[in-house]
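To keep things clear, I will list the structure first and then write my remarks on it.
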Amino acid sequence: MILFLVYFIIKAFIKKAFLCYNARMIISWIFLVVGFVLLIRGADAFVDGAVGIARRFRIPAIVIGTTLVAIGTSAPEAAISITAALHESDGVSIGNVIGSNITNIFLILGITALIGAPIIHKSTKFIELPFVGFITIIMCVMGMWFGKISRISGLILLGLFVIFLCYMTILAYKSKREIKEFKIMPLSETIIVIVAGIIALIIGANMVTKSATDIARHFGISERVIGLTLIAFGTSLPELVVTIAATIKHEFDMAIGNIVGSNIFNILFVLGIAAAIQPMPFSSAFLTDGAIALLAVTMLMIFVARKSKLSHIAGILFIASYAAYIWYLI
């Protein structure tokens, strides 16, 4: 009887706390953090499981690295954008993609340049970076022309994604380097890890989307700004950790490739699949954000045009540009 009484008292207290606006905000922030943790851990588990399956079927390691791992690092963005699109939170969905791309170059590569002045590979300099600029323009043109990212636009982006995967696979087979970071797991363990990763991604995406929307409404901030800032930074955490770790170890190809590859996957795969599932209105404000994303790519191309590496000066300018952009938004 006493236990039941305690239970009902606690239940009533929690219910009252949920009804309290400030308490709801605290809970939203907690859910946001927990959601990000689930997204990151879910992406890690998904990549490990997918690599295990791929290795079991004797798919070359270099192909695994340039396809499955790259997709895995974009899994948080994909989970958020797809979930947001299904909930008709278009500002979060599109803002997350554009904001992540801006964050990847201005903030993450800015920090990377200050740490180690990474060298840019020739193929990245002349093919992949211009391709990022090209698909950024394509995204903005389609959004402006149709007033939304339609299903047709999504299918076009996915078609470009398939072409990019073919290019990466050909490039991978020409390379003699092997990736040795992953080990083969037992089949039963692999399946469990993949399922657990997918579940964590789904739960985490729902938590982040709902809590971020509540926070935006509380502070009177648009979903677009939340998607471009808070959610974009949170979903870029895997890229931040991987890039800094690779830079410290002087694995510059991995550091730069991770960022450039993620930006390509964000637009073609994440936005493409989200739009194919649920068309999303493209507000005129996103044209400005798209222009900033294009500016980031252009600045990166200019700084690596002569010496094929990012200097400390470039790092300072990138971080300053990111700070100015955030100030403009908020």
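All of the numbers you see were taken from the coordinates with simple rules; none came from a lab. These numbers were taken from a predicted model, which means no experiment stands behind them. When we count neighbours, we look across all protein chains shown, and the Cβ atoms used for this are built from the backbone with ideal geometry, even at glycine.
What to note about this one:
- Listed by Cβ neighbour count within 10 Å, with the fewest neighbours leading, F233, F161, F269 appear as F233, F161, F269.
- FRET efficiency, 1/(1 + (r/R0)^6) with R0 41 Å, evaluated for K122 and M144 via beta carbons: 0.75
- Placing a label point 7 Å from the Cα of S308 along the Cα-to-Cβ direction, the residues of the stretch 76-117 whose backbone N falls under 18 Å of that point are 117.
- Proxy reagent accessibility, fewest Cβ within 10 Å first, across I137, I94: I137, I94
- Computed from the C-beta positions of V162 and I198 and an R0 of 35 Å, the FRET efficiency is 0.95 to the nearest 0.05.
- Per-residue Cβ neighbour rank within 10 angstrom, fewest leading, T190, T136: T190, T136
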